[in-house]
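The values are calculated or read from the model by the stated rules, or taken from the named source; none is laboratory data. Not measured: the values here are computed from a predicted model. Don't worry about glycine lacking a Cβ; one is built from the backbone with ideal geometry, like all the others, and counts go over all protein chains shown. Heavy atoms of the whole protein, side chains included, go into the accessibility calculation; ligands, DNA and RNA do not. Shrake-Rupley method; radii C 1.70, N 1.55, O 1.52, S 1.80 Å.
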Amino acid sequence: FRFIALDLARAGHEVVFLTERNLTGKLPGIRQLSVDESPLDRKRRSNLEGQLDCSSRFRKAMEVMRDEGWRPDLVISHSGWGCGLDVSWVFPKATRISYLEWWFANDAEEYAFDPGNPWWDYDSNKCLSLRHRNLSLALELSEAHHIVVPTSWQRAQLPPALGQRCEVIHEGVDTDFFVMNPSWRPKDRLRLTYATRGMEPMRGFPEFVQSLPTLLERYPSLEVVIAGEDRVAYGARIPEEGSFGRWAQRLLEPWLKTGSVRFVGHLPTNSYARLLKSSHVHCYLTRPFVASWSLLDAMASGCCLVGSDLELVREMADPNATTWVDQRNQKLLIEGLDHALSFDSEERLVRGQLQRRKAVQAWSRGLSLQRWRGLLGI
């Protein structure tokens, strides 16, 4: 919500940004307030107990603002965690907008996506537990005047009664910051990049790693750069090494010693943008869930993209410029990556230009702000 808040503040509106943790630093023209973090462990923060704990802490913070005499005309909340659950209780006259990322449908495609995956498993108890995450979410969405979702695919996960009330407004990618500059690409080697928040099965990390030995043997000049933290955000069966990063380093040890594979960890934003500009081929894999920001970042950076052949990725990426793969089949994944790595520089350039054009025309931050202004009537 940072860019929305800044846009409203620049337009002269009084903006209060209420968060559990301030990860953005000082935002000009905005009053920033932090809510005490939950004493609950992370495993319980997403269940009903954790959601009600979150709603209570945010409600108390809003009551302090109300008792000070502050009355907002509009409240935008990030639904699903409980922070906006009691907005209508504290500020009943405010227009309420709930931003929704995910509804846990009974028949979610993700549940049956890859039943033989050794790193990931759903049983009926887990699916029922995820279904119960909709309890507080349903109340917040039913009381909202508007529901906003980032993509049409995410809207389609909702029950019809809620889905028909949705506006599709993605937060957008900053196409002035993430730009295409092929001169950053190495001249003496072929660079394959992979960027992720956490090294985990949700983003196809194990499948990507398992494809690399074949490709590294096939392309002597290949350099693989992996950016991201060695952690799991969405759950997994952890390998015996204790993490997927350590598991990958064991599997790729010969190429780590030669420098053909590099793990660069969590990168500052500027370094991350430079990495994407330097990519000859970028691999984006995911299960059928919310798409990562890195997909749009790579598109805006003009990357030659290899992507999971899923509806959520097809909605975002240029269909004619993407090499589509099914990471559930190791042979097909290797063939797709091999196909993209075999492109000449002109083919990679053209494909990257098409991806950037799609990002600018359909997913830019400026377009997102226009849609938000239209929804808010300002």
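Observations, loosely collected:
- With the simple model of a label 7 Å out from the Cα in the direction of the Cβ, His145 to Glu347 spans 5.3 nm.
- Measuring nothing but how far apart in sequence close Cα pairs (under 8 Å, 6+ apart) lie, relative to its length, the chain scores a relative contact order of 14 percent.
- Computed over protein heavy atoms with a 1.4 Å probe, the accessible surface of the chain works out to 47 Å² per residue.
- Between Trp324 and Ser152, the simple label model (points 7 Å from Cα in the Cβ direction) yields a spacing of 1.5 nm.
- For the chain, the Cα-based Rg and Dmax, in that order, read 21.8, 68 Å.
- Charge dipole (debye, nearest 20) of segment 246-321; +1 at Cβ of Lys and Arg, -1 at Cβ of Asp and Glu: 460
- C-alpha center-to-center spacing [segment 126-156, segment 228-251] in angstrom: 30
- For segment 91-244, the carbon plus sulfur part of the accessible surface works out to 49%, probe radius 1.4 Å.
- Among the lysines of the chain, pairs that are 8 or more positions apart or on different chains and have alpha carbons within less than 25 Å of each other number 7.
- Rounded, prolate or oblate (a/c below 1.5 giving rounded, otherwise prolate when a/b exceeds b/c) for segment 101-197 by Cα gyration tensor: oblate
- Of Glu49, Glu229, Glu171, the one that fluctuates the most in a GNM where the chain has Cα springs shorter than 10 Å: Glu49
- The distance separating the Cα centre of segment 70-105 from that of segment 297-322 comes to 32 Å.
- For the chain, the residue among Leu48, Gly163, Ser98 whose Cα projects farthest onto the positive side of the dipole built from Cβ charges is Ser98.
- Amide H contacts of Glu20: Val35, each under 5 Å away and 5 or more positions distant or on a separate chain (H built 1.01 Å from N in the peptide plane; Pro and chain starts excluded).
- Here the 3J(HN,Hα) profile of segment 199-209, calculated from phi with Karplus coefficients 6.51, -1.76 and 1.60 at θ = phi - 60°, is 7, 7, x, 3, 10, x, 4, x, 5, 4, 4 Hz, Gly and Pro shown as x.
- Relative contact order [Cα under 8 Å, 6+ residues apart], segment 285-378, whole percent: 34
- Across segment 200-300, C-alpha contacts under 8 Å between residues 6 or more apart give a mean separation that, scaled by the residue count, equals a relative contact order of 36 percent.
- Calculated from backbone phi, Karplus (6.51, -1.76, 1.60) coupling profile of segment 339-344 in Hz, x at Gly/Pro: 4, 5, 5, 7, 4, 7
- The chain - share of DSSP beta bridges that are antiparallel (%, nearest 5): 0
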